[in-house]
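Data block below; observations after.
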Amino acid sequence: MKRFQVWLYLALSLAASFGEGATLFASQYFSIEKVAEGVYAAIGKPGVFSNGAFIVTEDGVIVVDTHLRPSWARDLISEIKKTTPQPIRYVINTHWHNDHTQGGQAYVESFPKNVEFISQHSTRDDILHLAIPSVKQSLETDVPETIQRLQGALNTGKSPDGSALTEEGRVQIQAQLDSQKAYLEELKTMTIVVPNMTFDRSLILHKYDKEVRILYLGLGHTRGDIVVFLPREKVLISGDLLTGGPPFMRDAFPSKWATTLEQVGKLDFTKVIPGHGPVEDGKDHLQAEVRYLGDLVTAVTEQVKKGASLEDTQKAVADQLVPRYEKEYGANFKNAIPGNVARSYQEAKGELKE
Ligand SMILES: [Zn+2]
């Protein structure tokens with residue numbers, strides 16, 4: 001049984017707080033979950049997908065990751081303000097991907113000149129050279145194409161597979177269309193915030209009541225992923241080094257990712273706030289992911305040594321690994337395999353640049 005308490009917070013707003021693990025309150029875009037004293041997960045609701053976290057200290061708030069849209073970040077800021085009168089002092093970017101960085105400007109608007117953006121050195125470079133150009137790509141190509149596709153489905157009454165749209169399907173597509181149009185408007189005025197405080201291996205914020213360790217433990221999901229570790233509270237905020245689903249590898253270093261996760265696994269934590277998906281208990285998922293990444297790299301390397309084509313490798317590795325990992329990762333797993341194999345294939349051929 002979970003014990004819970006409710007109390008009046010000494011602020012103008014009223015905030016209800018439940019015991020660890022329970023949803024504290026739900027904003028429009030996030031479920032806010034208290035995972036330890038002063039440590040909160042902001043779990044993205046369907047359609048938002050990516051998570052964030054915030055840490056309340058006696059000397060300001062630290063936010064981890066800023067989501068895809070400034071409007072979502074603004075929503076989280078208003079939830080943080082209901083939790084504490086403390087200002088937000090630091091924003092940490094776990095890596096450069098746009099679903100973790102594009103909301104940054106909301107923090108600058110709310111706390112001008114008082115908020116520092118922290119990342120690993122490589123992530124700052126990647127924000128400059130990959131995240132910023134990707135806004136233009138989204139604005140000019142990706143989002144208009146999505147809007148056109150959704151509008152086309154509504155106009156023809158047919159879903160992409162050619163089947164007739166049900167009334168429920170029509171409502172869903174209309175909602176997606178409205179959301180994409182709103183996103184397009186946001187992209188027009190989007191300013192990506194470039195981290196102004198970077199580090200190589202570790203940066204520790206020594207607060208009066210909290211120690212916040214920001215750690216770079218090696219290549220992984222990207223070349224600059226960091227984790228945020230709270231040793232007293234035994235909480236790990238993992239970014240996309242750990243997510244609820246199969247690992248996303250477009251920019252990954254598969255064999256190094258396993259080694260990096262092994263290092264992460266040596267930290268003493270009991271709760272994980274992952275980059276996507278629900279809060280996790282313990283290290284079971286981390287250990288399964290280390291095993292999967294190891295098996296993936298071994299299986300792909302074997303095929304590359306035999307001179308197999310990418311296509312043959314994708315098929316052989318899927319035959320081998322889908323039965324073994326489908327239970328861990330769910331039905332979506334087989335859709336992730338081709339991309340995971342393609343990236344591992346490049347790595348096994350020595351084609352990945354760090
Ligand atoms: Zn990512």
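In segment 114-130, how many residues are within 27 Å of GLU185 (Cβ to Cβ) and away from the ligand (no atom under 14 Å from the Cβ)?
Within segment 114-130, residues that are within 27 Å of GLU185 (Cβ to Cβ) and away from the ligand (no atom under 14 Å from the Cβ) number 4.
Name the residues in segment 210-221 that are touching a residue at least 24 places away in the same chain (Cβ under 8 Å) and over 11 Å from THR260 (Cβ atoms), would you?
Of everything in segment 210-221, those that are touching a residue at least 24 places away in the same chain (Cβ under 8 Å) and over 11 Å from THR260 (Cβ atoms) turn out to be LYS210, VAL212, ILE214.
Among (1) away from the ligand (no atom under 16 Å from the Cβ); (2) within 27 Å of PHE54 (Cβ to Cβ); (3) modelled with pLDDT under 95, where does TYR329 come up short?
(2)
Limited to segment 214-268, what total is found for residues that are among the hydroxyl-bearing types (Ser, Thr, Tyr) and assigned to a strand (DSSP E or B)?
Taking segment 214-268 as the starting set, the residues that turn out to be among the hydroxyl-bearing types (Ser, Thr, Tyr) are 216, 222, 238, 243, 255, 259-260.
Imposing the further condition that a residue be assigned to a strand (DSSP E or B) reduces the set to 238.
Residues flagged as among the hydroxyl-bearing types (Ser, Thr, Tyr) and assigned to a strand (DSSP E or B) within segment 214-268 amount to 1.
Considering each residue of segment 57-106, count those that are part of a loop (DSSP other than H, G, I, E, B), within 16 Å of the ligand (Cβ to nearest atom) and not polar (S, T, N, Q), and give that number.
Narrowing segment 57-106 to residues part of a loop (DSSP other than H, G, I, E, B): 58-59, 65-69, 84-87, 93-97, 102-104.
Checking which are within 16 Å of the ligand (Cβ to nearest atom) leaves us with 65-69, 93-97, 102-104.
Within this subset, residues satisfying the condition of being not polar (S, T, N, Q) are 65, 67-69, 95-97, 103-104.
Selection size over segment 57-106: 9.
What do you reckon, is LYS256 of a type in the set (Lys, Arg), more than 19 Å from LYS34 (Cα to Cα) and more than 16 Å from the ligand (Cβ to nearest atom)?
Values: of a type in the set (Lys, Arg): yes; more than 19 Å from LYS34 (Cα to Cα): yes; more than 16 Å from the ligand (Cβ to nearest atom): no.
Here the answer is no, as LYS256 does not meet what is asked.
What's the number of the only condition in (1) surrounded by fewer than 18 Cβ atoms within 10 Å (Cβ to Cβ); (2) over 13 Å from LEU187 (Cα atoms) that HIS97 fails to meet?
Among (1) surrounded by fewer than 18 Cβ atoms within 10 Å (Cβ to Cβ); (2) over 13 Å from LEU187 (Cα atoms), the lone unmet condition for HIS97 is (1).
Of all residues in segment 147-170, which are aliphatic (A, V, I, L, M) and more than 23 Å from ARG69 (Cα to Cα)?
Initial filter on segment 147-170 (aliphatic (A, V, I, L, M)): 147, 150, 153-154, 164-165.
ALA153, LEU154, ALA164, LEU165 - these are the residues of segment 147-170 that are aliphatic (A, V, I, L, M) and more than 23 Å from ARG69 (Cα to Cα).
So which pairs qualify, if the first residue must be in segment 105-116 and farther than 17 Å from ASP59 by Cα, the second must be of a type in the set (Ser, Thr, Tyr), the Cβ gap must be under 6 Å, and the two must be at least 6 apart or on different chains?
Final answer for the pair search is GLN105/THR191.
Do we have any residue at all in segment 199-209 that's touching a Lys or Arg at 6+ places or on another chain (Cβ under 9 Å), in contact (Cβ under 8 Å) with a residue 24 or more places away in the chain and crowded, with 17+ Cβ neighbours inside 10 Å?
yes
List the residue pairs whose Cβ atoms are under 6 Å apart, where the first residue sits in segment 260-274 and is within 22 Å of ALA36 (Cβ to Cβ) and in contact (Cβ under 8 Å) with a residue 24 or more places away in the chain, the second is part of a loop (DSSP other than H, G, I, E, B) and among the β-branched types (Val, Ile, Thr), and the two are 6 or more positions apart or on different chains.
ILE273/VAL279; PRO274/THR243
If I filter segment 44-56 down to residues being away from the ligand (no atom under 16 Å from the Cβ) and closer than 28 Å to GLN174 by Cβ, which single residue comes out as surrounded by the most Cβ atoms within 10 Å (Cβ to Cβ)? Reasoning before the result, please.
Let us first name the residues in segment 44-56 that are away from the ligand (no atom under 16 Å from the Cβ), namely 45-47, 54-56.
Now drop any that are not closer than 28 Å to GLN174 by Cβ, which leaves 45-47.
Details: LYS45: 14, PRO46: 6, GLY47: 10.
Checking each candidate, the answer is LYS45.
State all residues of segment 303-354 that are surrounded by fewer than 16 Cβ atoms within 10 Å (Cβ to Cβ) and in a loop (DSSP other than H, G, I, E, B); if no residue qualifies, say none.
Scanning segment 303-354 gives LYS306, GLY307, SER309, GLY330, ALA331, ASN332, LYS349, GLY350, GLU351, LYS353, GLU354.
Take segment 211-240 and flag every residue that is basic (Lys, Arg) and surrounded by fewer than 21 Cβ atoms within 10 Å (Cβ to Cβ).
Of the residues in segment 211-240, the ones basic (Lys, Arg) are 213, 223, 232, 234.
ARG213, ARG232, LYS234 - these are the residues of segment 211-240 that are basic (Lys, Arg) and surrounded by fewer than 21 Cβ atoms within 10 Å (Cβ to Cβ).
Test THR243 against the stated conditions and say whether it is touching a residue at least 40 places away in the same chain (Cβ under 8 Å), within 14 Å of the ligand (Cβ to nearest atom) and among the polar types (S, T, N, Q). Lay out the reasoning, then the answer.
On the way: touching a residue at least 40 places away in the same chain (Cβ under 8 Å): no; within 14 Å of the ligand (Cβ to nearest atom): yes; among the polar types (S, T, N, Q): yes.
Taking the combined requirement at face value, the residue does not satisfy it.
Condition check: at pLDDT below 95 and either touching a Ser or Thr at 6+ places or on another chain (Cβ under 8 Å) or assigned by TED's automatic domain parsing to the domain that holds GLU233 (or both). Does ASP209 satisfy that?
Working: at pLDDT below 95: yes; either touching a Ser or Thr at 6+ places or on another chain (Cβ under 8 Å) or assigned by TED's automatic domain parsing to the domain that holds GLU233 (or both): yes.
For ASP209, the condition - at pLDDT below 95 and either touching a Ser or Thr at 6+ places or on another chain (Cβ under 8 Å) or assigned by TED's automatic domain parsing to the domain that holds GLU233 (or both) - is met.
Regarding segment 52-66, can at least one residue be identified that is closer than 29 Å to SER138 by Cα, free of Cβ contacts under 8 Å to residues at least 24 places away in the same chain and in the same structural domain as LYS271 (by TED's automatic domain parsing)? Write out each step before concluding.
First, the residues of segment 52-66 that are closer than 29 Å to SER138 by Cα: 52-54, 62-66.
Okay, now just the ones that are also free of Cβ contacts under 8 Å to residues at least 24 places away in the same chain, so none.
Among the residues of segment 52-66, not one is closer than 29 Å to SER138 by Cα, free of Cβ contacts under 8 Å to residues at least 24 places away in the same chain and in the same structural domain as LYS271 (by TED's automatic domain parsing), which makes the answer no.
The values are calculated or read from the model by the stated rules, or taken from the named source; none is laboratory data. Since we're looking at a predicted model, the values are computed, not measured. Using ideal geometry, Cβ is built from the backbone for each residue, glycine included, and neighbour counts are taken over all protein chains shown.
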